[in-house]
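Notes follow once the structure below has been shown.
The values are calculated or read from the model by the stated rules, or taken from the named source; none is laboratory data. Nothing here was measured: the structure is a model prediction, and the numbers come from that model. Ideal geometry is used to build each Cβ from the backbone, glycine not excepted, and the neighbour counts take in all protein chains shown.
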Amino acid sequence: MGKAFAALLAIVTLASVYFFAARTWWMPVDISAHGPGVDHQIIETMLLTGVLFLLSQLALAGFVWKFGGPGEGRKIGTFPGGARVVVFAVFVVVGIEILTLSFFGSKVWAGMFFEPAAPNSLHIDVQAEQFAFFFRYAGPDGQFGGIHPELINDGNGNYFGLDPANDVAARDDIVVGSLTIPVNKPILLTLHTKDMIHSFFVPELRIQQDIVPGLEIPIHFTAVQTGKHEIVCTQLCGLGHYNMKAYIEVLPQDKYDEWLKSQSQ
Amino acid sequence: MALALLVAVSSALVVLAAPPAGNGSISGKVTYTGTPPKMKPIDMSKEPTCAKQHATPVMTENLVTGPGNALQDVVVYISAGAPETSAPTQTLRYDQKGCQYLPHVLAMEANQPFEIYNDDQTSHNIHPLAKVNPEWNKSQPPGTPPIQAKYEKPERIPVKCNIHPWMHGYFIVLNTSHFSVTGDDGSFSLKDLPAGKYTVTAWQEQSEPQTQDVTLGAGESKSVNFTFKVLPY
């Protein structure tokens, strides 16, 4: 029985490792400039934890194989120095591993969240609400109108609470339900939510950011590949959460310019 | 003799029981002056089964205009002086189709039954924002039977879908059967009115309601027009 369990343990361990090593269910294509850093970090983490996982599970299987059977009269062995030394050693080894990963990862993280967006970034405003995303472009005047939450009205398409009657800058703001951006151009999004916590997740952009009521949360990125991908909400936000999504389309600059022009007519 | 008396009495009863029907009417046209706001296209790309039902994007419907400055979706009704009517029995139909409410404005009499259909391949969650009547919201996955509903008290109720934020409409519950909702020619007609003094109200969803007093003689037809002033923003 002990040997059968040891064999099962080894098979489950090797099979789990195989699916990662063979990249059977792997990450989607990366279309962002910062993505390689994120992917590198993920792969380093997986390698380190994967090697430890493999070794520890196989060691466990080995011990079960060897000592799993009935062992009347067998002397119980102990580590030299007792459990305290082993626990301390594990604490130090795992601690160093995690600190090292965090240290190397912090550069990637800081590049995404602590460094300001490039000054030539294209600024787009994002409004999340149950259960859709809306996007606002400044329009031909290059200026965003002010936001007045009391004027938000889904019935007439005023998802952001603009006041075009009194605010000239708001009149040419473009509000759409899909995010269209030019390729190779730094993009700065300001995330807002109307009602509750949502999340802005584009796996292909390697970006996932919660949107919190009352906060304006900036995120910036550059897409380096054209294509169309899904933006999904990853905070359970109510009965329509499964259906809360939008699309991001990355276009060549000239196609983007055409699209923008067609929107402001 | 007895038979004649019986016939006379029963005829009188019939007359008493039936509402005092008349053949007068009030009709006219609702128009606007000024520059109407530009309606915005609705992006339904997140709901592909709805998006593909529309060759051109659906526009917002808070102010729908027609040829000749006509205003659509205006509810014109007798707000005072209307003859008493018996409880309505005709069941009205309200559709959720292509992620839109059809019609955009549903006028009904208090206690009038109506049915809400989901004709889409996606779930809807209709939420009429009633304040005087009880408020409710109901989920309706595709293929489920229609929701039966009615409102007991007169009220103008905005309707929204809790799943598709762009879906908006109105239930206009009235205490009269004399109402009319304008089409794209802006015309309305209130029929079967006996002689009397009436107040006619015209309601448009983003404007102040307007009223006019009309005195009708027996069998008389009068024309009344409403003009709403609209602003581009």
> B:Asp95 passes all but one of (1) of a type in the set (D, E, K, R); (2) part of a strand (DSSP E or B); (3) more than 18 Å from the chain's Cα centre (by Cα); which number fails?
Replying inline: (3)
>> On the basis of being touching a residue at least 24 places away in the same chain (Cβ under 8 Å) and either out of contact with any His (no Cβ under 8 Å at 6 or more places or on another chain) or among the charged types (D, E, K, R) (or both), does A:Ile174 make the cut?
In response: yes
> For the range A:203-265, list the strands (runs of 3 or more DSSP E) that sit wholly inside it and hold at least 1 residues that are free of Cβ contacts under 8 Å to residues at least 60 places away in the same chain, of a type in the set (Val, Ile, Thr) and within 11 Å of chain B (Cβ to nearest Cβ); which are they?
Replying inline: A:227-232
> Within the range B:125-156, which residues are more than 11 Å from chain A (Cβ to nearest Cβ), among the polar types (S, T, N, Q) and under 27 Å from B:Asp43 (Cα atoms)?
Replying inline: B:Gln140, B:Thr144
> Any idea which of A:Leu47, A:Leu58, A:Leu8, A:Leu54 is aliphatic (A, V, I, L, M) and within 25 Å of the chain's Cα centre (by Cα)?
Replying inline: A:Leu47
> Can you name the condition, by its number, that A:Phe5 falls short on among (1) exposed (fewer than 12 other Cβ atoms within 10 Å of the Cβ); (2) aromatic (Phe, Trp, Tyr); (3) outside any loop (DSSP other than H, G, I, E, B)?
Replying inline: (1)
> Given B:Lys38, B:Lys46, B:Lys52, which one is buried (at least 18 other Cβ atoms within 10 Å of the Cβ) and charged (D, E, K, R)?
Replying inline: B:Lys46
> In the list A:Val108, A:Val92, A:Val86, which residue meets the criterion of being assigned to a helix (DSSP H, G or I) and either within 25 Å of the chain's Cα centre (by Cα) or in the same structural domain as A:Ile187 (by TED's automatic domain parsing) (or both)?
Replying inline: A:Val108
> Can you tell me which residues in the range B:211-233 are crowded, with 17+ Cβ neighbours inside 10 Å and either within 14 Å of chain A (Cβ to nearest Cβ) or of a type outside the set (A, V, I, L, M, F, W, C) (or both)?
Replying inline: B:Lys222, B:Val230
>> Restricting to the range A:177-192, count the residues that are crowded, with 18+ Cβ neighbours inside 10 Å and either within 14 Å of another protein chain (Cβ to nearest Cβ) or free of Cβ contacts under 8 Å to residues at least 24 places away in the same chain (or both).
In response: 3
> Limited to the range A:193-241, what total is found for residues that are surrounded by 15 or more Cβ atoms within 10 Å (Cβ to Cβ), among the small types (Gly, Ala, Ser) and either closer than 26 Å to A:Asp39 by Cα or under 11 Å from the mean Cα position of the chain (by Cα) (or both)?
Replying inline: 2
> Do any strands (runs of 3 or more DSSP E) entirely within the range B:157-225 hold 3 or more residues that are closer than 15 Å to B:Lys29 by Cα and of a type in the set (S, T, N, Q), and if so, which?
Replying inline: B:210-216
> Does the range A:146-157 include one or more residues that are assigned to a strand (DSSP E or B), surrounded by fewer than 17 Cβ atoms within 10 Å (Cβ to Cβ) and more than 11 Å from every other protein chain (Cβ to nearest Cβ)?
Replying inline: no
> Which members of the range A:177-202 meet the condition of being assigned to a loop (DSSP other than H, G, I, E, B) and either of a type in the set (Phe, Trp, Tyr) or over 23 Å from A:Ile152 (Cβ atoms) (or both)?
Replying inline: A:Val183, A:Asn184, A:Lys185
> Just one of the numbered conditions (1) more than 25 Å from A:His34 (Cβ to Cβ); (2) surrounded by fewer than 17 Cβ atoms within 10 Å (Cβ to Cβ) is not true of A:Pro252; which one?
Replying inline: (1)
> Take the residues of the range B:157-182 that are facing chain A (nearest Cβ under 7 Å) and more than 16 Å from A:Gly157 (Cβ to Cβ): which is surrounded by the fewest Cβ atoms within 10 Å (Cβ to Cβ)?
Replying inline: B:Asn162
